[in-house]
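The values are calculated or read from the model by the stated rules, or taken from the named source; none is laboratory data. Remember, predicted model here, so these are calculated numbers, not experimental data. Note that each Cβ is placed from the backbone with ideal geometry, even for glycine, and that neighbours are counted across all protein chains shown. Heavy atoms of the whole protein, side chains included, go into the accessibility calculation; ligands, DNA and RNA do not. Shrake-Rupley method; radii C 1.70, N 1.55, O 1.52, S 1.80 Å.
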Amino acid sequence: RYMNCSRCGQDVLMPFRCPYCGGQFCSEHRLPENHQCPNLLQAQSHRYEPASNTVPNNASYEYKITFGQPRKVKGRIYFSPKELQHILIGILLVSGIGFSFGFGAIGQQGWLFYSSILALLLTLSFIIHEFAHKFTAQKRGLWSEFRLTTWGALITLLSIFLPFKLISPGAVMISGPMNLEDLGRTSIAGPLTNITLNAIFLVAAYIPSEFFWIFAIGAFINGLMAVLNLIPFGILDGFKIFRWNKILWAVTFGLALALAIPSYFLYFSLI
């Protein structure tokens, strides 16, 4: 996957890793003196010395190159400028889906207020899901950043105008040395947030209030996100969880389905 040069921010497919500061750099900034390495003195002390005075002095840095290896700072939570741009666009797309439910009520009193609340709930559902993946991976020392995907963003955009709604503008990209447990725990974090939100919104929808239809939609969308993500196929979270722990996958998928079914009937009772 592409990574950003820690010096200039350029996207690099196979970055160079500095052995002295751990940063990832493009070919132009790979040498310690070119990226203002904080451990430059240490790097300079590792120059090769000539074996004798009769041998020409061809001193050079002893430089180790690791392709595609992200900086591993266990427990650190961070965002890159490029990632923040992608998150912002994703938020705008998801917010559009929230407002799309109220398009038919334009002109009615209060439609903007209620649509804004729904857009906020769906945006939070999307953000919490993606950040759960991201933070879990970074806590385990993996490189992890959100990126928009072409098809995901297009499907989310079309969902604003179509009756069927699907929130999937992008995904959290994860890289670094990991085992099945790392992959499984990182993958299950996202769907668990949707299951939790589905349960909360479902209970709230059955409490008489003027916001019941907003909670009903929130429950349905989160239930749909949880079930679809837990399908054990391809690049979906479910496949990674299934490989890691089949019993845990079955329990999680069963819980997601048990909450999604009543959310489905509640949502379509509103139409």
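Below are the figures for this structure:
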{"quantity": "Extension gain (nm, one decimal) between residue 265 and residue 34, 0.36 nm per residue minus Cα-Cα", "calculated": "77.1 nm"}
{"quantity": "P(r) of region 124-256 over all Cα-Cα pairs, binned every 5 Å from zero, in whole percent", "calculated": "2, 11, 18, 21, 20, 14, 8, 4, 1, 0"}
{"quantity": "Global form of region 146-207, assessed from the alpha-carbon gyration tensor, a/c cut-off 1.5", "calculated": "oblate"}
{"quantity": "Stretchable slack from residue 200 to residue 251, in nm (0.36 nm times residue separation minus alpha-carbon distance)", "calculated": "16.5 nm"}
{"quantity": "Spin-label pair residue 180/residue 235, simplified geometry with 7 Å Cα→Cβ offset, distance in nm", "calculated": "2.3 nm"}
{"quantity": "Carbon/sulfur fraction of accessible area - region 186-226, other protein chains in place, 1.4 Å, %", "calculated": "83 percent"}
{"quantity": "Apportionment of accessible area to carbon and sulfur, region 80-165, percent (1.4 Å)", "calculated": "76 percent"}
{"quantity": "Highest to lowest packing among 130-142, 236-248, scored as the average C-beta count within 10 Å", "calculated": "130-142, 236-248"}
{"quantity": "Per residue accessible area in Å² of region 114-271, where ligands, DNA and RNA are left out and the probe is 1.4 Å", "calculated": "46 Å²"}
